[in-house]
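Novice: Pasting a structure here, questions to come.
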Amino acid sequence: MSPRSGYTLPVFACAAAVAALQQIKHGRSLDRVSIDLLEPPEIVEIAIEQVAELKPGVALAITRSDPGDNLDITRNTPIWALVELGVGEKRAGGDKGDKGEGGDKGDNTNYQLPITNYQLPTTTHPQNIIINGGEGIGRIVDTGDRPAIYAYAQRLLYANLERSLAPGETIQVTIILPEGRKLAERTSNAAFGVVDGLSLLGTTGISQPLSAPGQLDVCREQLQTKARQFESLVFCVGENGLDLAPQLGIDRERLVKTANWLGSLLVEAGLQGVKEILLFGYHGKLLKLAGGIFHTHHHLADGRREILTAHCANLGLPINVFQAIFACPTAEAALKYLRELDVRENSDWVSRVYETIALEIDRRSQKYIYNHSDRQVSVGTVLFDRDRQILVKSETATTILDHLC
């Protein structure tokens, strides 16, 4: 039996917001709401666990995450949406009351909720809808503590809420994940500069069962479909790569989300006649391939600090440096250490280390495909850091990018 797909966190946040708005406007406590996913373009029904009007013009609704047959830490976690009608214009300027810094706190005096509002910039959304990140929604530290509510989640909320607003009506929506801080400790969010909670991240409303038994067959089918269309494909391990690649001019239709099944899908691509593969991902994940680890889930194998240390030693860094690298708790911490070393010594160790890692990923990937399929496939590697800035492109990756963009 094929694994069951579910929905991503933005969908449940949106459903809760829609239910709360309907409660305010029509006094209806809905047990289900219809949501337009936008990506893909279809309407789905989402269950509502609870909804209540807290005072006139203010309502709270709760849903629970259902990612389908996926090993997702957010399974069954509650998602709250607090909707306040008629306050969007007042809050659009971002008064200090949102953070309790001396502004008007009157809106929150009649109910005590775990709200710590971080407001999205008003330039990114309609002026009649204000979206805030409450408790459990992560903050992007490098962008002035903006809430980690990314583009797809914003579009989803705006599209589904605006259709229920009359001309001139304004609302403020605060998304709350009561268990978000605790769950975030089990993710790599901090490596991407997101602290204090989870992200509403994704490029689609469908949560594919990418880590469940049987999901490899689903990934293979998707790859086979794309291989019939294109000779050059881009492999993305996670959502950050899927979101960033199109910003570089890469056709979305060429993107393949691999999850952790990189080895199997590299071989499948070779068998399907793909000529070029661009590996596009976060350095802390893809560098495992430089050590010959082709299933990248951390429960099976890690080896990142060992791989980084080995490359540093091979390039001739002083022993105290690669000892420090080996002691770093994360790949991102090791990258930060090397960057600080470059500043102090006016050196270029970051470039040299990661260029050799990207080259080794290319070499090992090509060899892996050939050993298991007897096919020659050109593989290039692009690694980005936690800020989603390109860290390195291998020489082969540069050639492939010229064909793709």
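The values are calculated or read from the model by the stated rules, or taken from the named source; none is laboratory data. This one's a predicted model, so the numbers in the text were calculated from it and none came from an experiment. Please note: Cβ atoms are built from the backbone with ideal geometry, for glycine as well, and neighbour counts cover all protein chains shown. Ligands, DNA and RNA are excluded from the accessible area calculation, which covers all protein heavy atoms including side chains. Shrake-Rupley method; radii C 1.70, N 1.55, O 1.52, S 1.80 Å.
Novice: Taking the Cβ-Cβ separation of Leu248 and Ala166 as r and a Förster radius of 41 Å, what is the calculated FRET efficiency to the nearest 0.05?
Specialist: Once rounded, the FRET efficiency stands at 0.50.
Novice: So for the chain, taking the charge dipole from beta-carbon charges (+1 Lys/Arg, -1 Asp/Glu), which of Val237, Leu265, Val33 sits furthest toward the positive end?
Specialist: Farthest along the dipole direction, towards plus: Leu265.
Novice: So, one more: Would you mind telling me which residue in Gly68, Gly134, Gly249 has the biggest mean-square fluctuation in a Gaussian network model of the chain, where springs connect alpha carbons within a distance under 10 angstrom?
Specialist: In the Gaussian network model the winner is Gly249.
Novice: In addition: Counting pairs of alpha carbon atoms under 8 Å apart in space and at least six apart in sequence, what relative contact order in percent does the chain give?
Specialist: The value is 14 percent.
Novice: I'd like the carbon and sulfur percentage of the solvent accessible area for segment 259-301, probe radius 1.4 Å, heavy atoms only, ligands and nucleic acids excluded.
Specialist: Reported share for carbon and sulfur atoms: 55 percent.
Novice: Can you give the net charge of the other residues whose Cβ lies under 9 Å from the Cβ of Ala334, counting K and R as +1 and D and E as -1?
Specialist: Overall, the nearby charge balance is +2.
Novice: Under unit Cβ charges (Lys, Arg +1; Asp, Glu -1), what dipole magnitude, rounded to 20 debye, does segment 1-74 have relative to its Cα centre?
Specialist: Here the size comes out at about 360 debye.
Novice: Quote to one decimal, in nm, the extra length available between Glu53 and Arg155 on full extension: 0.36 nm per residue of separation minus the C-alpha distance between them. Can you show the working numbers first?
Specialist: On the way: separation 102, 0.36 × 102 = 36.72 nm, distance 2.53 nm.
Full extension of this stretch gives 34.2 nm more.
Novice: Rank Cys328, Leu289, Pro318 by how far each Cα sits towards the positive end of the charge dipole of segment 276-346 (+1 on Lys, Arg Cβ; -1 on Asp, Glu Cβ) and give me just the farthest.
Specialist: Going by the Cα projections, it comes out as Cys328.
Novice: Could you do me a favour and compute the accessible area per residue for segment 124-255, 1.4 Å probe, result in Å²?
Specialist: Details: 5080 Å² over 132 residues.
Value returned for segment 124-255: 39 Å² of accessible area per residue.
Novice: Report the calculated FRET efficiency for Gln224 and Ser34 (r = Cβ-Cβ distance, R0 = 35 Å), to the nearest 0.05.
Specialist: Once the sixth-power term is evaluated, E becomes 0.60.
Novice: Something else about it: On a full-extension model of 0.36 nm per residue, what is the gain between Ser347 and Asn320, subtracting their alpha-carbon distance, rounded to one decimal in nm?
Specialist: 8.1 nm
Novice: Rounded, prolate or oblate: which fits segment 278-328 when a ≥ b ≥ c are the square roots of the eigenvalues of the alpha-carbon gyration tensor, with rounded for a/c under 1.5 and prolate only if a/b beats b/c?
Specialist: On the way: a/c = 2.51, a/b = 1.83, b/c = 1.37.
Taking the square roots of the gyration eigenvalues as a ≥ b ≥ c, segment 278-328 is prolate.
Novice: With charges only on Cβ, +1 for K and R and -1 for D and E, what is the dipole size of the chain about its Cα centre, in debye, rounded to 20?
Specialist: Using Cβ point charges on Lys, Arg, Asp and Glu, the chain gives about 380 debye.
Novice: Okay, moving on. Once R0 is set to 22 Å, what does the formula 1/(1 + (r/R0)^6) return for the Cβ-Cβ distance between Asp217 and His372, expressed as a FRET efficiency to the nearest 0.05?
Specialist: So the FRET efficiency works out to roughly 0.80.
Novice: Computed from these coordinates, which is volume of the Cα convex hull per residue in Å³: (i) 137; (ii) 153; (iii) 208?
Specialist: Of the listed options (i) 137; (ii) 153; (iii) 208, (ii) comes from this structure.
Novice: Could you look at segment 321-371 and say what percent of its accessible area is carbon and sulfur, using a 1.4 Å probe and all protein chains?
Specialist: Numbers: 1430 of 2800 Å².
C and S fraction of accessible area: 51 percent.
Novice: Right, another one. Could you tell me which of Ile46, Leu341, Tyr150 has its Cα farthest along the dipole of the chain towards the positive end, charges placed at Cβ (Lys, Arg +1; Asp, Glu -1), taken about the Cα centre?
Specialist: The listed residue farthest towards the positive side: Leu341.
Novice: Pick from Gln154, Gln172, Gln222 the residue whose mean-square fluctuation is largest in a GNM of the chain, springs joining Cα atoms under 10 Å.
Specialist: In the Gaussian network model the winner is Gln222.
Novice: Name the residues of segment 163-195 whose amide N is less than 14 Å from a point 7 angstrom out from the Cα of Gln127 along the C-beta direction?
Specialist: Within reach of a label on Gln127: 168-171.
Novice: Using the basic label-point model (7 angstrom from Cα toward the beta carbon), what is the Glu42 to Glu185 distance in nanometres?
Specialist: Going by the 7 Å Cα→Cβ label model, 3.8 nm.
Novice: Please count, across segment 263-373, the pairs of lysine residues with Cα atoms under 21 Å apart that sit 8 or more places apart or on different chains.
Specialist: Lysine pairs satisfying the spacing and distance rule in segment 263-373 number 5.
Novice: Give the whole-number value, in cubic angstrom per residue, of the convex hull volume spanned by the C-alpha atoms of segment 211-261.
Specialist: So the per-residue hull volume is 64 Å³.
Novice: For segment 275-405, what is Rg from Cα atoms divided by 2.2 N^0.38 Å, rounded to two decimals? Could the numbers behind the result be given before it?
Specialist: On the way: Rg = 14.8 Å, N = 131, 2.2 N^0.38 = 14.0 Å.
My calculation over the Cα atoms of segment 275-405 gives 1.06.
Novice: A follow-up question, please. Once you place label points 7 Å from the Cα toward the Cβ at Asp387 and Ala327, how far apart are they in nm?
Specialist: 2.6 nm
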